[in-house]
Amino acid sequence: MLIHFRDKMEIGKPEMNIGLDRIYAAESRICKIDGENGRLYYRGYPIDVLAERSNFEEVSYLLVYGKLPSIEELSRFRKELREERNLSSGTINMISQMSKRNAHPMHILSATVASIASEDVDINDRSDGAELRRSVKLIAKMASIVATIGRYIGGEEYQAPDPELPHAANFLYMLTGKSPDSFQAKIIDLMFMLQAEHSTNASTFAALVTSSTLADMYMSISSGINALSGVLHGGADEAALKMMKSIGKPENANEYIENALASKQKIMGFGHRVYKAYDPRAKILRKYMEELEGHSNPDSKTLTEIALEIERIMAAKKLGEAKGIWPNIDFFTGPVYTAVGMPGYLFTPVFAASRISGWCAHIIEYRKNNRLIRPLEYYSGEIGIEYVPIEKR
Ligand SMILES: CC(C)(COP(=O)(O)OP(=O)(O)OC[C@H]1O[C@@H](n2cnc3c(N)ncnc32)[C@H](O)[C@@H]1OP(=O)(O)O)[C@@H](O)C(=O)NCCC(=O)NCCS
């Protein structure tokens, strides 16, 4: 029997799930997170195998098109990405103007992505072909936008892309104006792959909520960027770096952690809604962090020591076994990115420039059986209150 909300109010409070914890809201073939065993698969391929053997362009193709590309398909995809790398003078100008004010790069990124809709001549074409073209454009341009935001915040001018470089290396080139060495390019390519997709996390869900209203892809992606910015989600990478910097040296870590836990503060870069085992992306990144020796700078070395000490202290508290609290990918981002000279304020924008592939894949997939996303909310206020004119209140 169907019980209406009105009747439920009479019977009692309906069962609620604050935060949609463990709720299945869609069926998907894009990503599997095995939270109990700490495993992650993109379209069925284990993340550690992709991280070892693939690259961001191939992973993006896999996510968006649903299969690994042939040599010809990958070469065509790479060419399409290269052709979309450049930014228009309007976009560059917007980034330049916003960078002069006090906006966080995530604000600039969100506004800029929404604004490039005005350059899309077939904005009303929602066919699969048009959405795929749009995905290629967004995957290419997000990296260019983030690099350009970094340049203007650093007081530099726009650096045009280098058509000879792969995606990650070109991103670094547009950010620094210098061709990166192979180690730097490898780190960025790895981060782009590790962050490319993660099922219906908050930002992907936000993008899907917007897309389910039949809003266009630019509006949907902006929603994803906005949701990613918060410290409980993508913003945790920058927040974890700030935490490590405020700790300053490994010897201070214990006091910081004790005080934070005693006052019920979250340790940034620890815990996850789905993983109750060690985040497999964090495991991969931790390995790279330990191998940084020789490529690293003093700041990165200190951050690595602090990160390892925090991890040791948290492990000794058995929070993993008791509550499933282990380091997540955002925890090791600080030491690794610092080794390649990436400023903290660009961590979350780079995350967005990676996650764009997953967002696009989910938007295209959900559209095939689109249904407006609209959960219920239990109203616990009063009803039928008499309206009192303002002068009598
Ligand atoms: C990601 C996160 C929001 C998931 O949280 P969640 O599934 O909603 O879990 P809750 O916030 O309800 O936490 C459950 C318990 O674990 C504790 N906990 C979770 N993450 C913690 C953290 N990072 N540090 C300390 N305690 C933490 C909570 O205090 C709570 O303890 P309690 O049961 O004694 O009250 C949470 O772990 C967090 O805030 N982490 C820090 C931010 C972060 O790194 N985000 C990036 C995720 S990839």
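The values are calculated or read from the model by the stated rules, or taken from the named source; none is laboratory data. Since we're looking at a predicted model, the values are computed, not measured. All Cβ positions, glycine included, derive from the backbone under ideal geometry; neighbour counts span all protein chains shown.
With a requirement of 3 or more residues that are within 23 Å of S182 (Cβ to Cβ), the helices (runs of 4 or more DSSP H) lying completely within the stretch 280-393 that satisfy it span 280-290, 298-316, 329-339, 347-367. The set of residues from the stretch 111-159 being surrounded by fewer than 19 Cβ atoms within 10 Å (Cβ to Cβ) and basic (K, R) comprises R126, R133.
Restricting the stretch 287-312 to residues that are crowded, with 18+ Cβ neighbours inside 10 Å and more than 23 Å from the chain's Cα centre (by Cα), which is nearest to the ligand (Cβ to nearest atom)? Among residues in the stretch 287-312 that are crowded, with 18+ Cβ neighbours inside 10 Å and more than 23 Å from the chain's Cα centre (by Cα), the one nearest to the ligand (Cβ to nearest atom) is I310.
Annotation: D279 fulfils all but one of (1) touching a residue at least 40 places away in the same chain (Cβ under 8 Å); (2) more than 8 Å from the ligand (Cβ to nearest atom); the unmet one is (2). Looking at Y256, is it aromatic (F, W, Y), in a loop (DSSP other than H, G, I, E, B) and surrounded by 15 or more Cβ atoms within 10 Å (Cβ to Cβ)? Here the answer is no, as Y256 does not meet what is asked.
When you go through G234, G248, G269 one by one, which is the residue that is on the phi > 0 side of the Ramachandran plot and within 12 Å of the ligand (Cβ to nearest atom)?
Working: G234 fails: on the phi > 0 side of the Ramachandran plot; G248 fails: within 12 Å of the ligand (Cβ to nearest atom).
Selected residue: G269, the only one of G234, G248, G269 that is on the phi > 0 side of the Ramachandran plot and within 12 Å of the ligand (Cβ to nearest atom).
Being touching a residue at least 24 places away in the same chain (Cβ under 8 Å) and in contact with a strand residue (DSSP E or B) (Cβ under 8 Å, 6 or more places away or on another chain) is true for just one of A196, A240, A253. Which residue is that? Even if it seems obvious, please write down each step before you answer.
Numbers: A240 fails: in contact with a strand residue (DSSP E or B) (Cβ under 8 Å, 6 or more places away or on another chain); A253 fails: in contact with a strand residue (DSSP E or B) (Cβ under 8 Å, 6 or more places away or on another chain).
Of the residues listed, the single one that is touching a residue at least 24 places away in the same chain (Cβ under 8 Å) and in contact with a strand residue (DSSP E or B) (Cβ under 8 Å, 6 or more places away or on another chain) is A196.
The number of residues in the stretch 354-378 being at pLDDT below 95 and of a type in the set (S, T, Y) comes to 1. Look at (1) crowded, with 19+ Cβ neighbours inside 10 Å; (2) outside any helix (DSSP H, G or I) and you find that E27 fails only one, number (1).
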